[in-house]
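For reference, the structure discussed in these notes is given below.
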Amino acid sequence: MKLLEYEGKDVFARYGIPLQKRCGVIKIGDSLDKLDLSGKGPWVVKAQVLAGGRGKAGGVKLAKTAAEARELAGKMLGMKMITHQTQGKSLTVEEVLVDEACDIGREIYISVVLDRKAGAPSIIASAEGGMSIEELAHTHPEKIIRVPVDAEAGLLDYQARQLAFDLNIPKKNFCDFTDFAKSLVKVFVDNDASLVEVNPLVITGDERLIAIDSKIVTDDNALFRHKDQAARPDHEASEIEKEAKAIGINHIGLDGDIGCMVNGAGLAMATLDTVKMAGGDAANFLDVGGGANVDQVTKAFQIILKDPKVKAILVNIFGGIMKCDNIAAGVVEASKKVQIKMPLIVRLEGTRVKEGKEILAKSGLKLEQADSLWEAAQKAVAAAKR
């Protein structure tokens, strides 16, 4: 799950990480008077979208007066934003954060990521932060500092001090920085994150250390340990994905025209790859889980049919926990309930597969069966092109 900037800063605050004073977060439909702009300013107005590059796309503005801050926030709400990370798609700004601005003397980049090769967290940092960090990593990789971290012990004191030396942290900010770096690692570990990033961490003109941005990505598989995270809205999910999640089905919308229903994430990936190899494109990643009962299959069909791009449906289910005859009966009953009018291709494999195929053959439904995934993918691609 990706957290918006202000949500990430809420997490940072619990760990004592120094932040700017917040003046408020407003959503579409809120009154601009909700913002507390009683200070002397200036203020920074920031669009809350899950994409980097907001500054260059007009999503970060500086206001010198309270009236200007309200005006900018009002104009920013509802605007369409395209950045280098949105792959050409526009994002609608539904929330805006307003903070007191600070006098930036120096910018530093720092993050904690999961090093999958080492199976442990790793700090990535650079003495040069800000909007061009991606370009810096590409043109001057030697300026990127990496520090491996033990997940249980956290960032050790000597590692924090060495990192401060490597980043040329001033003597006045040295202890604050080492405390900050250790807290950032703790945020990562405690929240089962895959990324915790501050870009930039700044040293202000009056020599204060402040995290003026936040990016946190957590592992959905660990949400059962974090009830507060589970209760947050999923800002990236479509309405269809939210509906699927509510009934225990994993669904991710894609750009193709073949709806794929499978049981098991690994089988789903194999199905998507095979459809691609056969010359087609999947419309979704949909995993009904190991049970694959009638109710789940029915709801899965309903979700697939809500996607107007879908021209054919490929069902690829392995009978393990659920036997193939039970799965076939579920597909038949679900198909009748949903009244599928587009091409339906079904491939079953596993326990009692012969009996399952017989049920499908005698069902009277207009469907095609396949003995292999490759055959099923070819039939689905051909059906979608008709």
Can you classify the stretch 239-385 as rounded, prolate or oblate using the Cα gyration tensor, where a ≥ b ≥ c are the square roots of its eigenvalues, rounded means a/c under 1.5, and otherwise it's prolate if a/b beats b/c and oblate if not?
rounded
Can you give me the angle between helix 5-14 and the longest principal axis of the chain, using Cα atoms only, in degrees from 0 to 90, rounded to the nearest 10?
60
Exposure proxy check: S126, S90 ranked by fewest other beta carbons within 10 Å?
S90, S126
Sorted peptide list for 168-174, 60-66, 97-103, criterion being average Cβ within 10 angstrom, highest first:
97-103, 60-66, 168-174
With a Förster radius of 30 Å, plug the Cβ-Cβ distance of A13 and A153 into 1/(1 + (r/R0)^6) and report the FRET value to the nearest 0.05.
0.75
Treating the angle as unsigned and between 0 and 90°, give the value, to the nearest 10°, between the Cα long axis of helix 294-305 and the longest Cα principal axis of the chain.
70
What is the distance in Å between the Cα centroid of the stretch 1-73 and that of the stretch 254-307?
39
Correct choice for mean projected area of the Cα convex hull in nm² that was computed from the model, options (i) 22.1; (ii) 17.8; (iii) 20.2:
(i)
For the Cα atoms of the chain, what angle does the longest principal axis make with the long axis of helix 324-338, in degrees from 0 to 90, nearest 10?
80
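What's the FRET efficiency of E135 with D206 using the Cβ-Cβ distance as r and R₀ = 41 Å, to the nearest 0.05?
0.90
Only the coordinates and a few stated rules stand behind these numbers; no lab work does. Nothing here was measured: the structure is a model prediction, and the numbers come from that model. Positions of Cβ are generated from backbone atoms using ideal geometry, with glycine treated the same way; all protein chains shown enter the neighbour counts.
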